[in-house]
Amino acid sequence: MTPAYLPDPTTVKEAHAKARAWASLFRLPLRQQNWRGMTGNYSGMGTGSSLDFQDHRAYAPGDDPRHINWQAYARTGNYSMKLFREEVRPVIDLVWDVSPSMWFNPDKATRAAELMAFTVEGALRAGTTPQVWLCQGSTLRPVPPEAAVAGLWPALVPAPDPADPGGLPLNRIPWRARSLRLIVSDLLFPGGPQGSTALLSGQQARGVLLVPFSPSEADPGWDGNIDFEDVESGQRHPRRVEASLLRRYTSAYARHFALWKEACQRHGIAMARVPSGVPFTQALQLEALPSGAVDPWT
């Protein structure tokens, strides 16, 4: 049974229907790394048969004569071979945070679903099938590629555990070497980035963080008596909010994300916060495009 807090099936289907168009405007940042893998469309670590000249070497019996450098032979009288960079398929590991805070209002839920649809469609356009993981607090669940592509993943989300301390269990994910490690998460869980950013950049991988958020959580404008509800545990906390408490909240909120950005910069990870309430393509242009979390198609 799909948890009730998740976006409705129509929202998820609409996001996947639009993602193909978005992936024709923006692509995952794959051209900033040399890859190893099956034949594809991205620069690899070795030599191959693409049109991208890499180097040359002396001719050896059995070499393909189509790659002989005839201009060099005309100058020197010696046969040499043109070497071209191989083209391979990149390796992509996607991690989707599906904890209740990702869906606490309709606008943020829509933006989170759109980012998930965009990342899987971007991986498909790169010619590879991504490895997808759902994270619900400390619970980790792999998603079959066909369920991710078709937007059927909400049915696989485990029910939240009120006693779960939250977070992302990145240390339990079987990351693949030299992969693009892309996380969609609002990062609203206890603690900071300690250890997480190192995992995203280890094994010569490239890390990317796409962080959906609602402007109402960054600047809530609370005033007076408010009955708060913890979206993760469901517990209610009546409080009186005065200006000093609101200042402490907004300061802590800003500091939380400043720590994440500092850690990402230290480990060479592209991090971008993606607001809800504006068109998806406009939201990506605010931080994701300038930070290198996504690239334009040119």
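SER214: within 28 Å of ILE183 (Cβ to Cβ) and either surrounded by 11 or more Cβ atoms within 10 Å (Cβ to Cβ) or touching a residue at least 24 places away in the same chain (Cβ under 8 Å) (or both), yes or no?
yes
If you go through segment 248-258 one residue at a time, do you hit one that is under 26 Å from ARG181 (Cα atoms), aromatic (Phe, Trp, Tyr) and in the same structural domain as LEU168 (by TED's automatic domain parsing)?
yes
Kindly indicate whether LEU209 is buried (at least 23 other Cβ atoms within 10 Å of the Cβ), assigned to a strand (DSSP E or B) and in the same structural domain as PRO275 (by TED's automatic domain parsing).
Against the criterion (buried (at least 23 other Cβ atoms within 10 Å of the Cβ), assigned to a strand (DSSP E or B) and in the same structural domain as PRO275 (by TED's automatic domain parsing)), LEU209 qualifies.
Just to be sure before I move on: is THR76 crowded, with 17+ Cβ neighbours inside 10 Å and at pLDDT 80 or above in the structure I sent?
no
Would you pick out the residues in segment 262-277 that are touching a helix residue (DSSP H, G or I) at 6+ places or on another chain (Cβ under 8 Å) and at negative phi?
ALA263, CYS264, ARG266, HIS267, ILE269, ALA270, MET271, ALA272, ARG273, VAL274, PRO275, SER276
If you check ARG172 against the conditions, is it touching a residue at least 60 places away in the same chain (Cβ under 8 Å) and in the same structural domain as TRP96 (by TED's automatic domain parsing)?
In short, no.
I'd like to check something: does segment 286-294 contain any residue that is surrounded by 13 or more Cβ atoms within 10 Å (Cβ to Cβ) and more than 22 Å from THR197 (Cα to Cα)?
Within segment 286-294, one or more residues are surrounded by 13 or more Cβ atoms within 10 Å (Cβ to Cβ) and more than 22 Å from THR197 (Cα to Cα).
The values are calculated or read from the model by the stated rules, or taken from the named source; none is laboratory data. Treat the numbers as computed from the prediction; the structure is a model and nothing was measured. Don't worry about glycine lacking a Cβ; one is built from the backbone with ideal geometry, like all the others, and counts go over all protein chains shown.
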